[in-house]
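Worksheet: the structure to be examined is printed underneath.
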Amino acid sequence: MNASYYRISPAFVGLAAAALGLAMALAAILVALAQPQIDLPKHAVVLRLGNVELLPTDLMEEPDHLGSYKAIQGFNARQSLLRAQLDADTVEASYALPDASRASGTFPIRTRTLSDLPVVFWFQIAVGLISILIGGWVLGLRREDWGARMFALTTLFLPFSTNSAAIYSTRQIALDGDLFRTLSSINAFGSMAFGIALVGLFAQYPKPLFRPVWLVIPTVVFGAGIACNIAQVGPDNMIGLVILTEMLIATILGVLQWVKSRREPLNRAGLRWFILVSLIGCALFVMLSSAPVTLGLADEGLISQGYAFGFFNIMHIGLALGVMRYKVFNLDRWSYYIWLWLSGMILIVVLDLAVIRLLQTQPWVSMGLALLLAGFLYFPLRQILLKFLLLRHKASLSGRMADIIGTALSPTPREQAERWDKLLEKVFQPLSPVEKLDMKISAPRIDENGLALLIPSVDGISARRLRYAQKGRRLFSPEDIEIAANAVQTHDLAAESRRAYERGATLERDRISRDVHDNIGAQLLSALHSPEVSRKDDLLRDSLSDLRAIINDGFQAEFTLAPLLADLRTETAGRLEAHGVTLKWHSPDFAAGGCNGALPMIGPEGPVIPFVLVNGLRSILREAVSNILRHSQAITAEVSIDVDDSTITLTVADDGKGVDATTLGRGGNGIPNILERAVALAGHSVVGHAAAGKGTLITVMLPLSPDKARMRHVAQ
């Protein structure tokens, strides 16, 4: 039997529910259309029909409000008496109009048409149909779940109440007494059976509190109450007693479910929403429809019972979301807000009723006082409750910035992964150990209906899964996604800073290596080959001075160009002379204003240039001279320096054997170093022949003030 049951498709269950709902709706419509109708003026209230004077209770919407079987039986007898007046072809009626005038007339009697049925009739039919469709949808998807089965029963019994009430509550004047009693019994059956199913629902959802077979006990007990009510025996107002008892038992079962699910955040979140929507649906129906009459506060409900049935659709939609666990982690938070909204409304109503008793002749003053008192009491209490309910177990990155940066700057991948896991545990406090995932995750997201949170990989650390937030006391929420995304982003930024630092350290090592090779190496080589002791000592002192400058001066020092060129000329001449090479030097005479371009602000010492440019210019010249000495076999070398308002141009030419363009960069670092330094200083260089097929010509053009960005690049 079970195997064949589970083979029934969800679509079949849904279609069966739709067919049943439509059949019940059609039956109600046919019964309503079979009733008599007279064409009274709009909004006319019948005072006398035929020879029968109407009582105020004859037109009441719900006879159960009469409170006793005897009164109900009398009501049904008068319904039969009035209905008999409508069995002829015409009837004489007197009526009252909205302007308080009275009139009378003889009216033909006809059967009702669809256009005679009021809006509230169709509203109740729609409520019943929607209810049974929702039940069929949930049952089709979760047939094996006893909670879903009980939920489907609540949706099945609601149309019994709504459809029967739609007929008798929208009658024009009267129904036959027997028909009225039958419809009223169907309505009572639907209401009390709904309560039995609600008890079963809370007994089985989210987890069974006992075996489903024990549900037969409330069925038998409350079924006896239904039978007594239909037979109109036993205590008066049996329907009220039964429904109240059912609601009480359902509430007790809900509390037991709450206690039992204390370590099951998914079940507790669903249950919180479940209880909320149940109470909203039932409480709004009772408070706005039946309670004012039962408490003697009004002759009829604040809204029509027919429209109040709509609250049960709200309830069923909410219950369906809970049973299906559709994004229950979002419903969980909304449930808190709705609870607080509902408590505020109840507080205002209670205060208003209390003040009304004190100020019976001033109802508007009582409402104002109620709002004022509720404002003083409710809003501070609301903030306290919000902080207690929502912020108590909330994850936060506050105070975790040092942990994130420390994780990103960890020296080894293993230590980095360990510190990342510890950080996630501190922030979200998962009940289970952090799990490593091999899957690719593009962004943090919630998994397993809020039980798990997936974290994407960061800086080589694989993706992670966290389960059971705050030691299983809550579900992961959209706020956790935002916090996880911020943690990942901050970690990535810190990791990128670490990588930039490492690149900077590498570049700095390369710079020092080049400076040592180009400057210190060249001077030590000159000192080694210098025959004069005094010259050798000078070159060694210069090497030590340059070495200190490389280490200590960094990039902050500035120099004037004229003294620098004088030092370079002396140094270059000494190196070339030691190898028998004649130097021809051409440089501007700044004291005489001898330079290309207009440099009106330059003094006799020439323009001020930064250390980076000084170091680059000196290194390029030394490297060019070293190439002449090592490879050119030249007799004469010519160095020219030209300065305009933005550029300094260095030209080094010789009359040696020349350079082979196809072998540039092979067998040494000299020429490539020159080219690389020129680019690093935002300049450019050209290497070629000084004359046709003879000698080497190196031309380097450097900006006097390299831009800050490039300066930073050079610094790194």
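The values are calculated or read from the model by the stated rules, or taken from the named source; none is laboratory data. Worth saying up front: this structure is predicted, and the values here are computed from it rather than measured. Here Cβ is always computed from backbone atoms with ideal geometry, including for glycine, and neighbour counts include all displayed protein chains. Surface areas here come from the heavy atoms of the whole protein model, side chains and all, with no ligands, DNA or RNA. Shrake-Rupley method; radii C 1.70, N 1.55, O 1.52, S 1.80 Å.
Please specify each residue of the stretch 453-487 satisfying the condition of being in a helix (DSSP H, G or I), within 21 Å of Gly399 (Cα to Cα) and more than 13 Å from the chain's Cα centre (by Cα).
Ala469, Gln470, Lys471, Ala487 - these are the residues of the stretch 453-487 that are in a helix (DSSP H, G or I), within 21 Å of Gly399 (Cα to Cα) and more than 13 Å from the chain's Cα centre (by Cα).
Being at pLDDT 85 or above, over 23 Å from Leu565 (Cβ atoms) and open to solvent by less than 50 Å² (accessible area, probe 1.4 Å) narrows it down to one of Gly668, Gly656, Gly683, so name that one.
Gly656
For Leu86, state whether it is more than 27 Å from Ala231 (Cβ to Cβ) and either charged (D, E, K, R) or modelled with pLDDT of 90 or more (or both). Let's see the steps before the verdict.
Details: more than 27 Å from Ala231 (Cβ to Cβ): yes; either charged (D, E, K, R) or modelled with pLDDT of 90 or more (or both): yes.
Criteria met by Leu86.
Might you let me know whether the stretch 402-415 holds any residue that is modelled with pLDDT of 70 or more, in contact with an Asp or Glu (Cβ under 8 Å, 6 or more places away or on another chain) and in a helix (DSSP H, G or I)?
Among the residues of the stretch 402-415, at least one is modelled with pLDDT of 70 or more, in contact with an Asp or Glu (Cβ under 8 Å, 6 or more places away or on another chain) and in a helix (DSSP H, G or I), which makes the answer yes.
Among the aliphatic types (A, V, I, L, M), open to solvent by less than 20 Å² (accessible area, probe 1.4 Å) and in contact with a strand residue (DSSP E or B) (Cβ under 6 Å, 6 or more places away or on another chain), is that true of Ile173?
On the way: among the aliphatic types (A, V, I, L, M): yes; open to solvent by less than 20 Å² (accessible area, probe 1.4 Å): yes; in contact with a strand residue (DSSP E or B) (Cβ under 6 Å, 6 or more places away or on another chain): yes.
When the stated conditions are applied, Ile173 passes them.
Tell me, yes or no, whether the stretch 196-203 has at least one residue that is surrounded by fewer than 17 Cβ atoms within 10 Å (Cβ to Cβ) and within 39 Å of the chain's Cα centre (by Cα).
No, there is no match, as no residue in the stretch 196-203 is surrounded by fewer than 17 Cβ atoms within 10 Å (Cβ to Cβ) and within 39 Å of the chain's Cα centre (by Cα).
For every residue, the table says whether it meets (1) open to solvent by 10 Å² or more (accessible area, probe 1.4 Å); (2) under 19 Å from Ala269 (Cα atoms); (3) touching a helix residue (DSSP H, G or I) at 6+ places or on another chain (Cβ under 7 Å).
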residue	(1), (2), (3)
Glu425	yes, no, no
Arg465	yes, no, no
Lys471	yes, yes, no
Arg474	yes, yes, yes
Ala484	no, no, no
Ala495	no, no, yes
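Identify all residues within the stretch 24-69 that are basic (Lys, Arg) and either open to solvent by less than 50 Å² (accessible area, probe 1.4 Å) or touching a residue at least 12 places away in the same chain (Cβ under 8 Å) (or both); write none if there are none.
Scanning the stretch 24-69 gives a single hit, Arg48.
Looking at Ser131, Ser184, which one is closer than 30 Å to Glu53 by Cα, in contact with a Pro (Cβ under 8 Å, 6 or more places away or on another chain), at pLDDT 90 or above and not basic (Lys, Arg)?
Checking each option against the conditions leaves just Ser184.
Results for (1) part of a helix (DSSP H, G or I); (2) among the hydrophobic types (A, V, I, L, M, F, W, C); (3) touching an Asp or Glu at 6+ places or on another chain (Cβ under 9 Å), shown as yes or no for each residue.
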site	(1), (2), (3)
Val13	yes, yes, no
Leu20	yes, yes, no
Leu26	yes, yes, no
Leu30	yes, yes, no
Ala71	yes, yes, yes
Gly74	yes, no, no
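Kindly check whether there is at least one residue in the stretch 118-128 that is of a type outside the set (Val, Ile, Thr), modelled with pLDDT of 90 or more, within 26 Å of Gly270 (Cα to Cα) and open to solvent by less than 50 Å² (accessible area, probe 1.4 Å).
Within the stretch 118-128, one or more residues are of a type outside the set (Val, Ile, Thr), modelled with pLDDT of 90 or more, within 26 Å of Gly270 (Cα to Cα) and open to solvent by less than 50 Å² (accessible area, probe 1.4 Å).
Considering (1) aliphatic (A, V, I, L, M); (2) touching a helix residue (DSSP H, G or I) at 6+ places or on another chain (Cβ under 7 Å); (3) more than 25 Å from Ala88 (Cβ to Cβ), say which one Val52 fails and leave the rest.
Evaluating Val52 over (1) aliphatic (A, V, I, L, M); (2) touching a helix residue (DSSP H, G or I) at 6+ places or on another chain (Cβ under 7 Å); (3) more than 25 Å from Ala88 (Cβ to Cβ) leaves (3) as the failure.
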